[in-house]
Structures are given as structure tokens and as C-alpha cells.
Amino acid sequence: MKRTRPAPWRVAAVAAVSCSLLVPVPAALASVSEQQAVNEAGKPAAEGRATIKRDDYGVPHIYADTTQDLFYGYGYAVAEDRLFQMEMAKRSVLGTTAEVLGEPGLEHDRLTRSGFDPEDIHRQIEALPQEDRDVLEGYAEGFNKRIDDVLADRENLLPKQFTDYGFEPSRWTGYDVAMIWIGTMANRFSDSTSEVANLQVRDRLVAEYGAGRGQELFDQILWTEDPTAPTTDPRTDHPQPEVPGEMPYDRAGRALGPQSTSTVFGAAASPSLLPVDPSLSDDGLETMARNGGEDWPHQQPTASNLWAVGSQKSADGGSVLLNGPQFGWFNPSYVYGVGLHGAGFDVTGNTPFGYPMVLFGTNKHISWGATAGPLDVNDVYQEKLNPQNPDQYWFDGAWRDMEVRQVTVQVKDGEDVVVEVRSTVHGFVTSVDEQNDTAYTKKRSWAGSEIESLLAWTKKTKATNWDEYLDQAENVGISINWYYADNDGNIGYVSPGHMPDRPENQDARLPAVGDGSMEWEGIRPFEENPQAFNPKQGYIANWNNQPGPGAVGDSGNWSDVDRVNEITSRLQAQRKLSTEDMWAINEETSFADLNIRYLRPYLEEAVRTLPAKDPLAQDARLLLDWDGQTRDEDADGSYDGPEPTIMRAWVKTLTEDVLKDDLPAEVYAKYAENVYARPGGSARPADAVKLIDNALQGEDSGVPQTVDLLNGRDGSEVVQKSYARAMTQLRDEHGEDPADWRTETVPHTYSTKNFMGIDQAGDDEALSTPIYMNRGTENNIISLNGEDAEACMAAPPGQSGFIAPDGTKSPHYSDQLGLYTNFECKQEHLSPAEVEKNLESVTTLH
């Protein structure tokens, strides 16, 4: 079924009860010159510390003269809109949910409290200059001011959820403000490692097939570098081999290519590792799953997409940046819209959990965005334990005592529980393998730099050019992808994070030996981090693909099968792109089937020689002519056409035919069970399709096919038989005519629990729309060209989560839900004059 091009970018310019009051894109939403002309309009009243001006969607713009007062106003505004959500977020990241939820919060609190040291964070904050502390302390002061106002008028201002759950809001400190960012950004997206799970899989393969074949198969299903994988820092902008057949090079000049998985790390690490209990439960893996990760082999939480074009490829010669951060979908929203004006700040955008910085936005000189961190900034160490004293581990030729810290978890309606937090020179203990007298610890390259990283995110919003932007990126220890665009038409990308300088004998896919023989040799220079400025191709695109050549890790499995191709193929299809063209890409990628692009060529080749009237050739045409879109245009609750149904059946039979006889049953199940997983957070191509694609490419694969997964069979024959089997199964199940085959759509749901599984709203506040969209939690698009600056955003369900004691909801509780569902957005007001034109309320804080 072919689809026509979607409608152009649409902007909502006025508040509306429904999503029907929409206007076309204005020529310019705001300009720098207009901002300068009416600068005085935004100044706070002389008698107040800060002024909060809310627009017609309830978005607060805070005006103040000092950093302390600006963030004082910001904290107050967040508490007005999201008091219960933020209370539960604070308890989630501190590990104090059991105090108000009772026993159901106990395991969460144990996991959380075992993963950070409060004293270390306090020390970092205490070492800050006062101007930096003002950000955190001012925010906390404003938040507490709102709490005081609420408790003084409970019958009108106390959010209903507090009464329903039977407790009152607690007071905030600068430490609490910082921990929101540390717990939901650093610990969620920069604390991942699959090394324990990888070791369990490798041991299982070796046990099944022997050391030689087992290791070969492990290298083939969990590779390091595939030179065909798309990179955000383009491979084409780096020196290429002079001789055909030679391999490209990584950022340190080492040869990369099909041989790299077995040669880049060497084999010295593996023989020193002791076996791992296949049933071992590891806190690190459990935390990854809680934070949005999936089952092996792709356990790291990965989320978000972005594309940007500069003067070379934009229709008006400026820059256009579109970001879709995929944190998941929640009520209240994961992100919070805000404008901060004063004390050197003049920024508008939105940010997760009301962070003390704007993660996605613009200051009219530059715009910026982010996607999940891809760099391998953590290592697991296998510690050998003293059989006579499991609190001792072997390091540098001697038994050392672990550090043991006791923390007390208070439990509502129950006894306090004491949790012992153990750590070694490498980091916190995440699991103990009693069967093998080993423990596993996690070492973070960014430990001790959490507050510096947080403030770099805050300060980058003052940057006006690429150099100033990079200066702050260099101060970020956690792994994240940062993006840049400016009013001169420049675009840039950098992947900050402290990259460890690992010893040559360490296989980064597996735990390191903890006896002192595999210690890091330092942190690699920032200049080696993936980065690009005005790439030759004229655009930057990312959907959690490989950041740059040579940037490898323990769980990426980056290959030519990558969802970023849904974006880049559309960018490449047009010589120049307008803002409307950029916005249209978002709708198409949101509904794209992520497997058909890679399997269609094999199906076409498999039936190429068949007569046109051959039943299999006719069946194949259904997918060969499909546009790859999974929509429900007639709103009947099923995906349009038979193609989504066919794909789900065929990928399943193809996975079985290629992989089942070459993998142990429990390893095969990890691929087979997630072929077309139920859509949820951030859908990706099936991991099985990556292996199948490599197998069908054979010698042309970017990953050496040492083990023949086709077992000598012709690839086209395998494709033919698997497709025919799938069609037979579907006819048996749905009837002879494919036109009748349908698969029910999955709704797009907004959870009342935060990403850690902790309540942040009442059960009766769950929301949903008819069909899942694989897109950002919010979407924003920002265009800059000289003095013109335009920004349009949609952050569902709405700006406010406030429900009054009598059950009355804020008018901005869900007024962005219709915009988002219909791929529309609301105009952001980038100047005081625009805020005044769309003013809903003014609050002056003293």
C-alpha cells in the first residue's frame, strides 16, 4: 500500500480546549532584534525577587536579575505544576520510597542505595563556588517556598495524590536537586554495562561447542566493530584506506574491520576469568532493566533520535534541528517546559524532571539537543574472593578488605531494614557469585564528576558558538550525545564522556580481571571523543547508532542494520530540506517497520527467477511493493493491510531457520522472543535480523562469518522456504486471502509510574491514544537563520500534573496530547513581547 506525503509542519499558536484551533507556520516566531527592542518588558517587578509569566499553554517564563533568584523562581514554578511527581522522583533517586509506599518500595530502595555514596555528592557540592551553588540552592529555596504556600492552604493547593497516598511533601535541598539529575540522567543513561551477561552467554557457548567454536560463535553474535555500521560522526569524513580491501581506522589510528573482534583486544583477558554462575542475579543488570533496558543482547537503555541540517542542505540557508528524546511516555510528562531569562540566561525549551538546565531548546544564537550516551564509560571487574572471608578480595598480590557501609531503609508500617553496601577499589559490588568465590564490581569513569557534569549542561545554554559549546562538553564526565546548530547555519555533534584508556589485553565485552592486572591507564583525551562540525554530507542524524568509527563497547552490536537509516535515507532523498520537510520525517519514521528495509532485497533476489504467476512470487509482491508504514488510517484498531502481519510471521520463521540449530536453546530464545516485541519505549530492528543479514551477506558482511549459520545452504533457498512457510501458517490461521489478514494495533500509553516503576500519579490517571508511535517523549524543532529564531514543541500530556483536592485538574493537564498525537506542535515564545501577547498569568515572588 502506497502512502502520500504527510501534511506539512503544523503549529498551534493559541491554547485550545481541543486540538482543532491550529494556524499555519508563521514566517518568524521571534527574532533577536525584536528581543532587543522590548528587552525591558521581561524584567521582574522591582519589589520581587522573580517574576513568573505563564503563556497560554501554562509554560512558565521566569525573569530575575541574579542566578539565585532565577532558579528560585524556576523551583517554585516546577513545584506548582509537578509537586507530587517531583516528590516521588526525589524519593526514587534517593531510595526512600518505602517510607511512604511501604514494603513494595523496599527492593527498589535497596538497589538504589547500593549504587551511590551520598557523602561523595555532598563533597562535590560543597567544593563549588557560590555562583554555581546558587543554581541548586536557589531552586531548592523556590521549591520549598511553594511547599510552604501549599501547606498553608491545604484545602485548595495540596495535590490530591498526597491525600490519596497519605503523606505530605518533604522539603528540598540543593543536594536533592542535584540527585534528580544524577539519578534520572547519569545513572539511567551512563551507568550501563552488559559484561556479566556477556560472560554468561560466552560460557554457555563454550560449554556447548568447546572453546574454539564457542569463542568463534561468541565473536560472531557479539562483535565490536562493523565497518559498515552508520556513524553519527561520518566515516566518510575520516581517512579511508588507500588500497581497496584495507580496513578503515579508529580515532587512535588502529586498523578496524572484519578481523577486529578477535584481534583488537587480544585473548589474554579471557583465560584469567573464572566461570560465572549462569543463574547469577546482578544488581547492575537489574538496574538496567528497571531503567528501560531490554533483554540480552541489547540491555543498555537506548533512547532518542535527532536530525539536523545546516546551510548546505537547509532550504533557507540557516540551520534546522529536530529532536525526539525517547524517555518513554508518562503522566505527568517526563519533560517540563520553561523559559529562563536573566543572570546571563535567555533560554527557552524543555527538560526532564524540571532539571536545573534546559536540555532541549535555544537561546536564539544556538540550539541544542541530546540522545542517549553511547560511549563505554563503565567496566565490570571480576573480584576473586577469599574463601575464608568473603569480605576480602585479591588485589595487587594481597587480600584487601572491602569497604562496608550500612544504610538504613525506613519502611512504612514495617521494621527498618539495614542494607550493607560493599565496594572495592573499582567500585560498588553489584553481585556475589558464591558458587565461584567471586564478586562483580562496577567502575565508572565519571565517578566524582557528577556535579561538574550537571553544571556543564547548565552553562552550555549560555554558549553562543561552537567553541564555547565544546568547552562545556569537555567538562561532562557521563556519556551522552550532544548536538548543536546556530544562526549562521553551522551544525555540530560531540559525544562527551570520560573514555577510559584500557590496557590492550582487556576485552571490553567481558568483565576485567580485578587482581590489578587490567587497570585503566587513565582517561583518553577529549579530542578523541566522537565529534563533527559541518560534516560534508550537510546533515547530522542519530537514533542511538554508533557515534564514530572505532567507538566500540560491550553491548552496541552496531551494524548496517540500524534504525538511523530510516532518518538518513529520507534526508539523502532531498537536496534541500525546509522546516516542513524536516518535520514530515518525524511522522514517517514514527510508523516505519524497522526490519523490512534489510530483508526486502533478499526476498526480491529469492523470487527474481520465479515466473510472475508463481504463487510465491505473487505472495512476495505484498512486501516488495509495501511502503513499510505501520498505520491505522481507517481507525479500525488494526494495522492497515496484511503486510505487518506477514512481517511478524516471516521474521519469526526466518529466525528459526537460520539461528535455531546453531545456538543453545536459551541463547536462541533471547533472539526468537524479541523478533517483534510489543512496542513500548523505543522500538529497534530485531537483533535476530542483524545476525540473519550478516549470514546472508556471507563474505561481504562487515562481521566475519566464521561459523556458517546457513550450514551450507543457499541464502535464496533459505529465504524462499521461510517465506513460504510463513505464508502457509498465515493461511491456516487467517484464511486464504491475504487481504483479510490483520494485526491489532498497540495503543500509545502514558504510565502513571515513573521509569523506575514508582508511582508518580494515581492509577486512575493513566492515558492512552489509539496507536503506538516510535518517536520522542516530546518533539521539538528549532530553526535559526541570522536574527530569525523559530521553535515549535509538543510535550504530552501537558505542562501541569496538578489535581486539586476536589479532583479538579489543571487546564494544562493534557492540552498537548492532541497536538502530539496529530503530529502538531505549539509555538514557543522566544521574546518578552511574544510572552506578553500570549500571557495567561503573572506571579511575583518575594
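Things to note:
- Matching residues, segment 364-407, being out of contact with any Phe, Trp or Tyr (no Cβ under 8 Å at 6 or more places or on another chain) and part of a loop (DSSP other than H, G, I, E, B): Lys364, His365, Pro374, Leu375, Asp376, Pro387, Gln388, Asp396, Gly397
- Val425 vs. criteria in contact (Cβ under 8 Å) with a residue 12 or more places away in the chain and not in a loop (DSSP other than H, G, I, E, B): no
- The criterion of at least 1 residues that are closer than 30 Å to Gln537 by Cα, among the small types (Gly, Ala, Ser) and at pLDDT below 50 is met by the following helices (runs of 4 or more DSSP H) wholly inside segment 220-301: 260-263.
- In segment 62-109, the residues that are buried (at least 22 other Cβ atoms within 10 Å of the Cβ) and small (Gly, Ala, Ser): Ala64, Gly73, Gly75, Ala77, Ala79, Ala89, Ser92, Gly95, Ala98, Gly105
- Only one of the numbered conditions (1) within 23 Å of Gln312 (Cβ to Cβ); (2) touching a helix residue (DSSP H, G or I) at 6+ places or on another chain (Cβ under 8 Å); (3) surrounded by fewer than 23 Cβ atoms within 10 Å (Cβ to Cβ) is not met by Ala573, and that is (2).
- Sole residue being in contact with a strand residue (DSSP E or B) (Cβ under 8 Å, 6 or more places away or on another chain) and either in contact (Cβ under 8 Å) with a residue 40 or more places away in the chain or within 19 Å of Arg725 (Cα to Cα) (or both), chosen from Leu654, Leu594, Leu571, Leu624: Leu571
- Annotation note: of Ala791, Ala766, the sole residue that is touching a residue at least 12 places away in the same chain (Cβ under 8 Å), hydrophobic (A, V, I, L, M, F, W, C) and surrounded by fewer than 20 Cβ atoms within 10 Å (Cβ to Cβ) is Ala766.
- Residue in segment 549-556 that is of a type in the set (D, E, K, R), touching a residue at least 12 places away in the same chain (Cβ under 8 Å), assigned to a strand (DSSP E or B) and surrounded by 23 or more Cβ atoms within 10 Å (Cβ to Cβ) present: no
- Residue match in segment 161-184 (condition: of a type outside the set (A, V, I, L, M), within 16 Å of His122 (Cβ to Cβ), within 30 Å of the chain's Cα centre (by Cα) and assigned to a loop (DSSP other than H, G, I, E, B)): yes
- Pairs meeting the criteria (first residue in segment 324-341 and over 25 Å from Lys462 (Cβ atoms), second residue charged (D, E, K, R) and not in a loop (DSSP other than H, G, I, E, B), beta carbons under 8 Å, at least 6 apart or on different chains) are Phe330/Lys753; Asn331/Glu765; Pro332/Asp81; Pro332/Arg82.
- Restricting attention to segment 620-660, the residues being polar (S, T, N, Q) and touching a His at 6+ places or on another chain (Cβ under 9 Å) number 1.
- When restricted to residues that are in a loop (DSSP other than H, G, I, E, B), β-branched (Val, Ile, Thr) and crowded, with 20+ Cβ neighbours inside 10 Å, segment 443-480 contains 3.
- For Lys613, the criteria (1) without any contact (Cβ under 8 Å) to a residue 60 or more places away in the chain; (2) touching a helix residue (DSSP H, G or I) at 6+ places or on another chain (Cβ under 9 Å) hold in every case but one, which is (2).
- Segment 595-613: number of residues that are part of a loop (DSSP other than H, G, I, E, B) and crowded, with 23+ Cβ neighbours inside 10 Å: 1
- Residue tally, condition touching an Asp or Glu at 6+ places or on another chain (Cβ under 7 Å) and part of a helix (DSSP H, G or I), over segment 614-632: 3
- Flag for Asp764 being part of a loop (DSSP other than H, G, I, E, B) and over 27 Å from the mean Cα position of the chain (by Cα): no
- In segment 490-499 there is no residue that is assigned to a loop (DSSP other than H, G, I, E, B), more than 26 Å from Pro535 (Cβ to Cβ) and touching a residue at least 12 places away in the same chain (Cβ under 8 Å).
- Test for Gly538: is it over 19 Å from the mean Cα position of the chain (by Cα) and of a type outside the set (A, V, I, L, M, F, W, C): yes
- Which numbered condition Ala473 fails, given (1) touching a Gly at 6+ places or on another chain (Cβ under 9 Å); (2) within 28 Å of Glu790 (Cβ to Cβ): (1)
- Meets criteria (of a type in the set (A, V, I, L, M), surrounded by fewer than 19 Cβ atoms within 10 Å (Cβ to Cβ), in a strand (DSSP E or B) and out of contact with any Pro (no Cβ under 9 Å at 6 or more places or on another chain)) for Val347: no
Matching residues to (1) of a type outside the set (Asp, Glu); (2) within 22 Å of Pro352 (Cα to Cα); (3) buried (at least 24 other Cβ atoms within 10 Å of the Cβ); (4) modelled with pLDDT of 95 or more:
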{"residue": "Tyr772", "(1), (2), (3), (4)": "yes, yes, no, yes"}
{"residue": "Asn779", "(1), (2), (3), (4)": "yes, yes, yes, yes"}
{"residue": "Pro796", "(1), (2), (3), (4)": "yes, yes, yes, yes"}
{"residue": "Ser814", "(1), (2), (3), (4)": "yes, yes, no, yes"}
{"residue": "Thr821", "(1), (2), (3), (4)": "yes, yes, no, yes"}
{"residue": "Cys825", "(1), (2), (3), (4)": "yes, yes, yes, yes"}
{"residue": "Glu840", "(1), (2), (3), (4)": "no, no, no, yes"}
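- Some residue of segment 699-721 being free of Cβ contacts under 8 Å to residues at least 12 places away in the same chain and at positive phi: yes
- Among residues of segment 792-833, those that are among the aromatic types (Phe, Trp, Tyr) and either part of a strand (DSSP E or B) or under 21 Å from Thr163 (Cβ atoms) (or both), counted: 2
- Of the residues screened, Leu454 is one that is in contact with a helix residue (DSSP H, G or I) (Cβ under 7 Å, 6 or more places away or on another chain) and not small (Gly, Ala, Ser).
Quick grid of which residues meet (1) aliphatic (A, V, I, L, M); (2) free of Cβ contacts under 8 Å to residues at least 60 places away in the same chain:
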site	(1), (2)
Asn350	no, no
Phe353	no, no
Gly369	no, no
Leu375	yes, no
Val380	yes, no
Pro387	no, yes
Gly397	no, no
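- Helices (runs of 4 or more DSSP H) within segment 47-118 that include 2 or more residues at pLDDT 95 or above and closer than 18 Å to Glu141 by Cα: 67-94
The values are calculated or read from the model by the stated rules, or taken from the named source; none is laboratory data. Computed from a predicted structure; not experimentally measured. No Cβ is skipped: glycine too gets one built from the backbone with ideal geometry, and neighbour counts run over all protein chains shown.
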